[in-house]
Amino acid sequence: RGSRSLIVTDALARVPIEAPPLSDPARLLLVSKRSTADPQPADTPEARQAGWEKTALLVSFFFPEHEEADPAAGLGVVTWTEGWHDNFRALAGRLLVPPVVRTLLYAQDPAAVRRWVDAVARRWQFEQIVPAHFEAPIRASPSEFARAFAFLEDERID
(Lines give C-alpha, C1' and ligand atoms only; values in the text may rest on other atoms or scores of the structure.)
Protein backbone atom coordinates (compact mmCIF):
# COMPACT_ATOMS: atom_id res chain seq x y z
CA ARG A 1 0.00 0.00 0.00
CA GLY A 2 1.33 3.43 -0.93
CA SER A 3 2.06 6.08 1.65
CA ARG A 4 0.22 8.80 -0.32
CA SER A 5 3.23 11.02 0.42
CA LEU A 6 5.05 13.49 -1.77
CA ILE A 7 8.70 13.56 -0.72
CA VAL A 8 10.62 16.72 -1.62
CA THR A 9 13.98 18.15 -0.68
CA ASP A 10 13.81 21.94 -0.92
CA ALA A 11 10.69 22.51 -3.05
CA LEU A 12 8.38 23.27 -0.13
CA ALA A 13 8.52 23.66 3.62
CA ARG A 14 6.54 24.72 6.64
CA VAL A 15 8.51 26.57 9.28
CA PRO A 16 7.23 25.56 12.71
CA ILE A 17 5.99 28.37 14.93
CA GLU A 18 7.81 26.92 17.93
CA ALA A 19 11.39 25.69 18.05
CA PRO A 20 11.75 22.01 17.23
CA PRO A 21 12.56 19.88 20.30
CA LEU A 22 16.05 19.02 19.06
CA SER A 23 17.11 22.67 18.73
CA ASP A 24 20.28 23.41 20.66
CA PRO A 25 19.29 25.82 23.48
CA ALA A 26 22.77 27.42 23.55
CA ARG A 27 22.57 28.26 19.84
CA LEU A 28 19.03 29.60 20.20
CA LEU A 29 20.17 31.88 23.01
CA LEU A 30 23.15 33.05 20.97
CA VAL A 31 20.91 34.06 18.07
CA SER A 32 18.21 35.53 20.32
CA LYS A 33 20.27 38.58 21.21
CA ARG A 34 19.19 41.96 19.81
CA SER A 35 22.80 42.61 18.78
CA THR A 36 25.75 40.30 18.35
CA ALA A 37 27.56 42.68 20.71
CA ASP A 38 25.07 42.03 23.54
CA PRO A 39 25.84 39.60 26.38
CA GLN A 40 24.25 36.14 26.38
CA PRO A 41 20.66 36.42 27.64
CA ALA A 42 19.21 34.39 30.47
CA ASP A 43 17.88 30.99 29.42
CA THR A 44 14.13 31.64 29.28
CA PRO A 45 11.39 30.26 27.02
CA GLU A 46 11.02 33.75 25.53
CA ALA A 47 14.74 34.02 24.69
CA ARG A 48 14.73 30.54 23.14
CA GLN A 49 11.67 31.44 21.06
CA ALA A 50 13.30 34.66 19.85
CA GLY A 51 16.37 32.62 18.91
CA TRP A 52 14.22 30.15 16.97
CA GLU A 53 12.41 32.90 15.10
CA LYS A 54 15.65 34.64 14.11
CA THR A 55 17.25 31.32 13.14
CA ALA A 56 14.31 30.52 10.85
CA LEU A 57 14.63 33.94 9.20
CA LEU A 58 18.39 33.52 8.75
CA VAL A 59 17.96 30.09 7.15
CA SER A 60 15.12 31.22 4.90
CA PHE A 61 16.62 34.45 3.55
CA PHE A 62 20.15 35.45 2.58
CA PHE A 63 19.89 38.73 4.44
CA PRO A 64 16.65 38.94 6.44
CA GLU A 65 14.93 42.27 6.62
CA HIS A 66 15.55 43.88 10.02
CA GLU A 67 18.98 42.27 10.44
CA GLU A 68 21.28 45.25 10.00
CA ALA A 69 25.02 45.72 10.09
CA ASP A 70 25.87 48.11 12.93
CA PRO A 71 29.33 49.57 12.18
CA ALA A 72 28.92 52.10 15.01
CA ALA A 73 28.88 49.18 17.46
CA GLY A 74 31.98 47.55 15.94
CA LEU A 75 33.24 45.57 12.99
CA GLY A 76 30.99 42.61 12.22
CA VAL A 77 28.30 43.62 14.70
CA VAL A 78 24.75 42.91 13.55
CA THR A 79 21.61 44.28 15.19
CA TRP A 80 18.03 43.13 14.76
CA THR A 81 15.67 46.06 14.31
CA GLU A 82 11.94 46.27 15.01
CA GLY A 83 9.79 44.19 12.68
CA TRP A 84 11.71 40.92 12.61
CA HIS A 85 9.04 39.16 14.71
CA ASP A 86 6.33 40.20 12.23
CA ASN A 87 8.44 38.78 9.41
CA PHE A 88 8.68 35.46 11.24
CA ARG A 89 4.91 35.39 11.81
CA ALA A 90 4.38 35.91 8.06
CA LEU A 91 6.82 33.06 7.27
CA ALA A 92 5.91 30.40 9.82
CA GLY A 93 3.06 27.95 10.09
CA ARG A 94 2.12 27.71 6.41
CA LEU A 95 3.09 25.69 3.38
CA LEU A 96 5.48 27.76 1.30
CA VAL A 97 8.32 27.73 -1.16
CA PRO A 98 11.39 28.73 0.84
CA PRO A 99 12.40 32.26 -0.19
CA VAL A 100 15.99 31.22 -1.01
CA VAL A 101 14.74 28.47 -3.36
CA ARG A 102 12.18 30.79 -4.90
CA THR A 103 14.83 33.44 -5.62
CA LEU A 104 17.78 31.28 -6.65
CA LEU A 105 16.10 28.46 -8.53
CA TYR A 106 12.50 29.03 -9.47
CA ALA A 107 13.02 32.58 -10.73
CA GLN A 108 15.35 31.19 -13.42
CA ASP A 109 12.53 29.53 -15.39
CA PRO A 110 9.09 30.12 -13.87
CA ALA A 111 7.29 28.52 -16.85
CA ALA A 112 9.19 25.24 -16.40
CA VAL A 113 8.48 25.30 -12.67
CA ARG A 114 4.76 25.87 -13.38
CA ARG A 115 4.72 22.87 -15.76
CA TRP A 116 6.35 20.73 -13.08
CA VAL A 117 3.92 21.92 -10.38
CA ASP A 118 0.92 21.23 -12.64
CA ALA A 119 2.24 17.75 -13.51
CA VAL A 120 2.78 16.84 -9.85
CA ALA A 121 -0.64 18.17 -8.80
CA ARG A 122 -2.37 16.36 -11.67
CA ARG A 123 -0.60 12.99 -11.49
CA TRP A 124 -0.15 12.24 -7.81
CA GLN A 125 -2.97 12.00 -5.29
CA PHE A 126 -0.93 12.54 -2.14
CA GLU A 127 -2.27 13.43 1.30
CA GLN A 128 0.94 14.66 2.85
CA ILE A 129 4.22 16.27 1.89
CA VAL A 130 7.49 15.25 3.50
CA PRO A 131 10.12 17.97 3.02
CA ALA A 132 13.77 17.59 3.97
CA HIS A 133 13.72 20.68 6.18
CA PHE A 134 11.61 22.07 9.02
CA GLU A 135 8.26 20.37 9.80
CA ALA A 136 7.32 16.99 8.41
CA PRO A 137 5.04 15.42 7.48
CA ILE A 138 2.69 18.19 6.37
CA ARG A 139 -0.94 17.29 5.67
CA ALA A 140 -1.52 18.78 2.22
CA SER A 141 -3.38 17.96 -0.97
CA PRO A 142 -2.26 18.45 -4.57
CA SER A 143 -4.28 21.68 -4.75
CA GLU A 144 -2.58 23.01 -1.60
CA PHE A 145 0.77 22.07 -3.13
CA ALA A 146 -0.09 24.02 -6.30
CA ARG A 147 -1.36 27.00 -4.28
CA ALA A 148 2.08 27.37 -2.64
CA PHE A 149 3.41 28.22 -6.10
CA ALA A 150 0.87 30.99 -6.83
CA PHE A 151 3.76 33.49 -6.88
CA LEU A 152 4.71 32.09 -10.32
CA GLU A 153 1.72 33.96 -11.78
CA ASP A 154 1.79 36.98 -9.51
CA GLU A 155 5.06 38.12 -7.92
CA ARG A 156 3.13 40.20 -5.36
CA ILE A 157 1.91 36.97 -3.75
CA ASP A 158 4.14 35.99 -0.89
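The values are calculated or read from the model by the stated rules, or taken from the named source; none is laboratory data. No experiment lies behind these values; they were computed from the predicted model shown. Using ideal geometry, Cβ is built from the backbone for each residue, glycine included, and neighbour counts are taken over all protein chains shown. Only protein heavy atoms, including side chains, enter the accessible area calculation; ligands, DNA and RNA are left aside. Shrake-Rupley method; radii C 1.70, N 1.55, O 1.52, S 1.80 Å.
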* Asked: open to solvent by less than 40 Å² (accessible area, probe 1.4 Å) and at positive phi: does that describe Gly83?
  -> yes
* Could you please let me know if Arg115 is surrounded by fewer than 17 Cβ atoms within 10 Å (Cβ to Cβ) and among the charged types (D, E, K, R)? => yes
* Asked: Tally time: how many residues in the range 102-118 are β-branched (Val, Ile, Thr) and within 16 Å of Phe145 (Cβ to Cβ)?
  -> 2
* Specify the residue that is nearest to Ala146 (Cα to Cα); the eligible residues are those in the range 119-130 that are in contact (Cβ under 8 Å) with a residue 12 or more places away in the chain and open to solvent by 50 Å² or more (accessible area, probe 1.4 Å). => Arg122
* Asked: Has the range 54-73 got at least one residue that is open to solvent by less than 60 Å² (accessible area, probe 1.4 Å), in contact with an Asp or Glu (Cβ under 8 Å, 6 or more places away or on another chain), under 25 Å from Pro21 (Cβ atoms) and of a type in the set (A, V, I, L, M)?
  -> yes
* Asked: Any idea how many residues of the range 1-55 are among the hydroxyl-bearing types (Ser, Thr, Tyr), within 23 Å of Asp86 (Cβ to Cβ) and more than 20 Å from the chain's Cα centre (by Cα)?
  -> 3
* Could you please give the count of residues in the range 126-158 that are modelled with pLDDT under 95, more than 21 Å from Phe88 (Cα to Cα) and not in a helix (DSSP H, G or I)? => 2
* To do: Could you give me the residue pairs with C-beta distances under 9 Å whose first residue belongs to the range 86-103 and is closer than 12 Å to Pro16 by Cβ, whose second residue is among the small types (Gly, Ala, Ser) and in a loop (DSSP other than H, G, I, E, B) wherever it lies, and which are 6+ apart or on separate chains?
  => Arg94/Ala148
* Thr36 passes all but one of (1) surrounded by 13 or more Cβ atoms within 10 Å (Cβ to Cβ); (2) over 27 Å from Arg94 (Cβ atoms); (3) free of Cβ contacts under 8 Å to residues at least 24 places away in the same chain; which number fails? -> (3)
* Structure fact -> Across the range 131-146, the tally of residues that are open to solvent by 70 Å² or more (accessible area, probe 1.4 Å) and within 15 Å of Tyr106 (Cβ to Cβ) stands at 0
* Asked: Do any residues in the range 131-146 that are charged (D, E, K, R) have Cβ atoms under 9 Å from those of residues that are assigned to a strand (DSSP E or B) and open to solvent by 40 Å² or more (accessible area, probe 1.4 Å), where the two are at least six apart or on different chains, and which pairs are they?
  -> Arg139/Gln128
